[in-house]
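Have a look at the structure below before the remarks.
The values are calculated or read from the model by the stated rules, or taken from the named source; none is laboratory data. Remember, it's a predicted structure, so these values are computed and weren't measured experimentally. For neighbour counting, all protein chains shown are included, and Cβ atoms are generated from backbone atoms with ideal geometry for every residue, glycine included. Each accessible area value is taken on the protein alone, full model and side chains, heavy atoms only, with ligands, DNA and RNA left out. Shrake-Rupley method; radii C 1.70, N 1.55, O 1.52, S 1.80 Å.
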Amino acid sequence: MVQEVVWTVSIVLMGVLAALFAWVAVGANTALADYGPMVASAYRARTWLFGLAIIVLIGVNYDTLGKLPYVSSLSVTSSGAAIQPVDAVAEQWAWTISPNTFTVGQTAEFHVSSKDVNHGFALYDPDMRIVAQVQAMPGYVNVLRYTFTRPGTYRVLCLEYCGVAHHEMNADIRVAAH
Ligand SMILES: [Cu+2]
């Protein structure tokens, strides 16, 4: 998988960069007193602020990264509920979505692809607010997870202009209350 190669290369390069930074930081241990009291206290404040920024960065990432709609390798949600696989296939000019009925709280894993040209899979909630989207591409299966939070009719529209009847590309997904 291309993503796995990119991921591995990124991690390795980040590691090299971190090692370089550490090496420079260790080598630059000029005594603070050499700078005079004003500069020394500014450097000390900078060190504290840098530490604080690192802690905030780790905290924010820890809290938010898991909420990205990308697929984890787990086939259950964090609460242990089963995830429903859903085929979503685009073609000029219609969607085939199966299954297309769910219940509130259920997590769908859309396997989005296209039979012809690029389309855009966009999921709208019952108020027609977009809640998730991914590209529908010929030759690829893009995976998108979404947990339905409200009963009603969700809609799938095409977000990528794909020809004269592009505006006809919509489909309903019905979500029942418990
Ligand atoms: Cu389209």
Query raised in the report: By how many degrees, 0 to 90 and rounded to 10, does the Cα axis of helix 2-27 deviate from the longest principal axis of the chain?
Result: 10 degrees
Report task. For segment 92-98, just list the computed ³J(HN,Hα) in residue order, Karplus coefficients 6.51, -1.76 and 1.60, θ = phi - 60°, integers in Hz, with x standing in for Gly and Pro. Result -> 6, 9, 7, 10, 10, 10, 8
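Report, in debye and to the nearest 20, how large the dipole of the chain comes out about its Cα centre when Lys and Arg carry +1 and Asp and Glu carry -1 on their Cβ. Working shown, then result.
On the way: 9 positive and 12 negative charges, 105 e Å.
I would put it at about 500 debye.
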Query - Note, ³J(HN,Hα) from phi for segment 147-162, Karplus 6.51, -1.76, 1.60, rounded to Hz, x at Gly and Pro - result: 9, 6, 10, 9, x, x, 9, 8, 10, 10, 10, 8, 9, 10, 4, 10
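If you place +1 on the Cβ of every Lys and Arg, -1 on the Cβ of every Asp and Glu, and leave all else neutral, what size is the dipole of segment 77-156 about its Cα centre, to the nearest 20 Debye? Walk me through the intermediate numbers first.
Numbers: 5 positive and 6 negative charges, 31 e Å.
Taking the Cα centre of segment 77-156 as origin, the dipole is about 160 debye.
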**Report entry** Amide H within-cut-off set for residue 160, under 5 Å, with H built and near neighbours excluded
**Finding:** 120
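Send over the per residue convex hull volume for segment 122-178, Cα only, as a whole number of Å³. Mind dumping the intermediate values first?
Values: hull volume 5.0 nm³, N = 57.
Spread over its residues, the Cα hull of segment 122-178 gives 87 Å³ apiece.
How high is the relative contact order of the chain, given as a whole-number percent (alpha carbon pairs under 8 Å, six or more residues apart)? All intermediate terms of the calculation are to be shown ahead of the outcome.
On the way: 287 pairs, mean separation 32.1, N = 178.
So the answer I get is 18 percent.
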Query - Lys/Arg +1, Asp/Glu -1 at C-beta; the chain dipole; positive extreme among 142, 52, 95 - result: 52
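If the viscosity is 1.567 mPa s and the temperature 4 °C, what translational diffusion coefficient in µm²/s does Stokes-Einstein give for the chain when Rh comes from Kirkwood over Cα pairs? Walk me through the numbers on the way to the answer.
Values: Rh = 20.1 Å.
In µm²/s, the coefficient rounds to 64.
Only bridges whose two residues both fall in the chain count here: according to DSSP, what percent of them are antiparallel, nearest 5?
Working: 28 of 40 bridges.
Counting only bridges with both partners in the chain, antiparallel ones make up about 70 percent.
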Report task. Specify the residue with the greatest mean-square fluctuation among 18, 108, 45, computed from a Gaussian network of the chain linking alpha-carbon atoms under 10 Å apart. Result -> 18
**Report entry** Candidates 53, 19, 132: whichever shows maximal mean-square fluctuation once the chain is modelled as a Gaussian network with Cα springs under 10 Å
**Finding:** 19
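Of the accessible area of the chain, with the probe set at 1.4 angstrom, what percent is carbon plus sulfur? List each step's numbers first, then the result.
Values: 7970 of 12130 Å².
In the chain, the share of accessible area belonging to carbon and sulfur is 66 percent.
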Query raised in the report: With axes computed from alpha carbons, what is the tilt in degrees of helix 37-64 against the longest principal axis of the chain, rounded to the nearest 10 within 0 to 90?
Result: 20 degrees
Query raised in the report: Among 49, 20, 159, which one shows the biggest mean-square fluctuation in a GNM of the chain, springs joining Cα atoms closer than 10 Å?
Result: 20
